[in-house]
Amino acid sequence: MKLATLKNETRDGRLVVVSDDLSTYADAATIAPTLQAALENWSAAEPQLKALSHKLSAGEISGQAFSEKDCASPIPRPLQWADGSAYINHVELVRQARGAEVPESFYTDPLMYQGVSGTTLAPRDGIPLGDPAWGCDMEAEVCVITDDVPAGVSESEAAGHIKLVLLCNDVSLRGLIPPELAKGFGFFQSKPPCAFSPVAVTPDALGEAWRDNLIHLPLIVDYNDAPFGRANAGVDATFSMARLVAHAAKTRPLVAGTIIGSGTISNKGEDGGPGKPVSQGGLGYSCIAEVRMIETIASGRPATSFMKVGDTVRIEMKDADGQSIFGAIEQTVLKT
């Protein structure tokens with residue numbers, strides 16, 4: 001089942017069920033007005049939404065033409081957004097570029113920060129940039145949305161609370177990160193609102209691609225219309241998405257509609273070292289910072305600049321038949 005939120009006169013949009021090929025949609029307002037409302041009563045809403053999805057796919061009801069441009073992020077105002085770091089290769093490269101070791105605990109205890117809640121960018125919104133010196137970067141990720149998760153759940157229990165999967169562009173302002181981290185209190189100004197894919201899907205809709213609570217498919221990132229990243233989200237993951245949910249819920253319950261991110265998707269090269277650019281036959285990268293770290297390791301300094309006004313990024317994932325699963329995040333950096 002695939003769900004989306006269409007923009008309307010309200011701040012939370014209107015919930016719709018979308019066909020598997022993303023061509024049509026059916027209004028779901030009689031079941032739940034918003035995705036947040038559906039998640040808060042998921043046990044009752046899910047079977048009704050699936051029945052509506054089946055009718056749409058079977059042609060038993062006539063859907064309306066679906067346009068990704070009409071979409072808000074699936075939950076426009078998430079109650080909670082927390083981002084983890086499932087792909088330690090990304091962290092290893094950052095540390096190596098600084099000449100620092102990765103603490104052993106990073107391989108058993110996930111990193112996680114509390115992101116911006118209460119607001120998101122729509123999938124086709126521009127990325128506002130007040131100052132190029134802030135170092136604007138994209139981060140292509142996989143995310144999950146939960147129902148209500150009790151505190152202290154195990155990883156296996158957490159898996160049952162993953163109700164939807166989606167993509168994210170976790171915008172980062174790299175120039176603001178070092179001084180914030182130096183304060184010892186974590187990210188805040190360096191993590192502005194991010195954008196999520198037009199469509200969120202239930203794990204069963206991913207078929208065999210959803211295994212071990214990971215998506216085993218490449219995440220397609222194009223930067224300024226050129227292939228930038230093709231890293232496989234099912235490869236080189238130190239932690240599963242269920243593990244990240246359990247980590248987030250260790251000491252606190254998670255409310256329905258909580259979004260948990262994987263962190264930047266990052267694959268090692270064939271030789272176990274840093275990956276190569278797509279243009280050189282590699283799988284590329286999911287953020288610019290990783291390119292800069294590899295350049296620093298190789299030559300002592302980065303050569304690639306961060307995003308500037310007018311730059312574009314497109315993030316998408318396709319199934320084995322080449323069909324877009326979540327729709328695409330397409331954004332342009334805008335001067336503010």
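Miscellaneous remarks
- Inter-residue pairs, beta-carbon under 6 Å, first open to solvent by 40 Å² or more (accessible area, probe 1.4 Å) and in the range 178-195, second of a type in the set (S, T, N, Q), 6+ apart: 193/119; 193/120
- Residue match in the range 186-193 (condition: at pLDDT 95 or above, outside any loop (DSSP other than H, G, I, E, B), within 30 Å of residue 16 (Cα to Cα) and of a type in the set (Lys, Arg)): no
- Taking the listed residues 91, 18, the one that is in contact with a helix residue (DSSP H, G or I) (Cβ under 7 Å, 6 or more places away or on another chain) and not hydroxyl-bearing (Ser, Thr, Tyr) is 91, with no other qualifying.
- Test: residue in the range 135-152 that is more than 27 Å from residue 249 (Cα to Cα) and either over 16 Å from the mean Cα position of the chain (by Cα) or open to solvent by 10 Å² or more (accessible area, probe 1.4 Å) (or both): yes
Matching residues to (1) assigned to a loop (DSSP other than H, G, I, E, B); (2) in contact with a Gly (Cβ under 9 Å, 6 or more places away or on another chain); (3) among the small types (Gly, Ala, Ser); (4) within 30 Å of residue 332 (Cα to Cα):
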site: 106; (1), (2), (3), (4): no, no, no, no
site: 116; (1), (2), (3), (4): yes, no, no, yes
site: 133; (1), (2), (3), (4): no, yes, yes, yes
site: 141; (1), (2), (3), (4): no, yes, no, yes
site: 145; (1), (2), (3), (4): no, yes, no, yes
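- Tallying residues that are part of a loop (DSSP other than H, G, I, E, B), in contact with an Asp or Glu (Cβ under 9 Å, 6 or more places away or on another chain) and of a type outside the set (A, V, I, L, M) within the range 74-87 yields 3.
- Residue match in the range 69-88 (condition: more than 15 Å from residue 28 (Cα to Cα), surrounded by fewer than 16 Cβ atoms within 10 Å (Cβ to Cβ) and in contact (Cβ under 8 Å) with a residue 24 or more places away in the chain): yes
- Strands (runs of 3 or more DSSP E) fully within the range 1-53 counting 3 or more residues that are open to solvent by less than 10 Å² (accessible area, probe 1.4 Å): 2-6, 14-18
The values are calculated or read from the model by the stated rules, or taken from the named source; none is laboratory data. As the structure is a computational prediction, the values presented were derived from the model and not from experiment. So basically every Cβ, Gly included, is an ideal-geometry build from the backbone, and we count neighbours across all protein chains shown. Remember, those area values only see protein heavy atoms, side chains included, never the ligands or the DNA or RNA. Shrake-Rupley method; radii C 1.70, N 1.55, O 1.52, S 1.80 Å.
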